[in-house]
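A short write-up of the structure that comes next.
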Amino acid sequence: MKRTIILFVSFVLLPSLTSQAQSLPDLPQPVFDNFAPEIREQLRKAYAAAQANPRDAEAVGRLGMTLHTYEEYAGAAVCYERALRLAPDEFRWVYYLGIVQAALGNHGEAAALFQEAARRRPDYLPMRLRLADSLLAAGRMPESRPLYETVVKKNAA
């Protein structure tokens, strides 16, 4: 019986766990010298926390948020993607990944991410507006128009 369990774990579970770990993008390596000393320290702390806990979506996501704050969108996208894979049900990683994809000019990818975010939180108007913007920027004006109209109707101010 023990032998059967060991064989099962060896041939079924371990390859599955290994492929999941391999599918995670590597943490980005920020170029700390590009920033002022105060910002550099913030980035170093966030990076150290993510390195110490590379399978913690919060730590990796915080690094992404820090990079995002300082317009390091490519690095932030990697962190958000990793955080999303570690915590696939977390709305904010989908939403933030959509924001940085849009900032990188990847409007089709951003729209797909915002559509997923809309499925998760359909009443979140800022996301609806970003979805409409991404669709418009991707040349999908007919799809963006009703979204803009809904946002205006729900938030006339």
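All of the numbers you see were taken from the coordinates with simple rules; none came from a lab. In this text, all values refer to a predicted model and were calculated from it rather than measured experimentally. Heads up, the Cβs are rebuilt from the backbone with ideal geometry, glycines too, and the neighbour counts pull from every protein chain shown.
Provide Rg over Rh for segment 94-157; use the alpha carbon set for both Rg and the Kirkwood Rh (inverse mean inverse pair distance). Don't skip to the end; give the middle numbers.
Working: Rg = 10.7 Å, Rh = 11.3 Å.
Reported Rg/Rh, Kirkwood definition of Rh: 0.95.
Average projected area of the Cα convex hull of the chain, in nm²?
Computed as one quarter of the Cα hull surface, the answer is 12.7 nm².
With springs connecting C-alpha atoms under 10 Å apart, model the chain as a Gaussian network and identify which of Glu71, Glu38, Glu116 has the largest mean-square fluctuation.
Between Glu71, Glu38, Glu116, it is Glu38 that shows the largest mean-square fluctuation.
Hey, any idea what Rg/Rh is for segment 85-125, computing Rh the Kirkwood way over Cα pairs?
0.96
Using the reciprocal of the averaged 1/r over all distinct C-alpha pairs, how large is the Kirkwood radius of segment 47-94 in Å?
That comes to 10.1 Å for segment 47-94.
Taking only C-alpha pairs under 8 Å that are 6+ residues apart, what is the relative contact order of the chain in percent?
It comes to 13 percent, rounded to a whole number.
How many nm separate the modelled label positions at Lys45 and Arg140, each set 7 Å beyond the Cα in the direction of the Cβ?
3.9 nm
So what's the angle, to the nearest 10 degrees on a 0 to 90 scale, between helix 91-103 and the longest Cα principal axis of the chain?
For 91-103 against the chain, the angle is about 60 degrees.
Under a crude label model (7 Å from the Cα following the beta-carbon direction), how far is Asp26 from Glu116 in nanometres?
Using points 7 Å along Cα→Cβ, the separation is 2.3 nm.
So what is the relative contact order for segment 78-157, in percent, with contacts set as C-alpha pairs under 8 Å and at least six apart?
Result for segment 78-157 is 21 percent.
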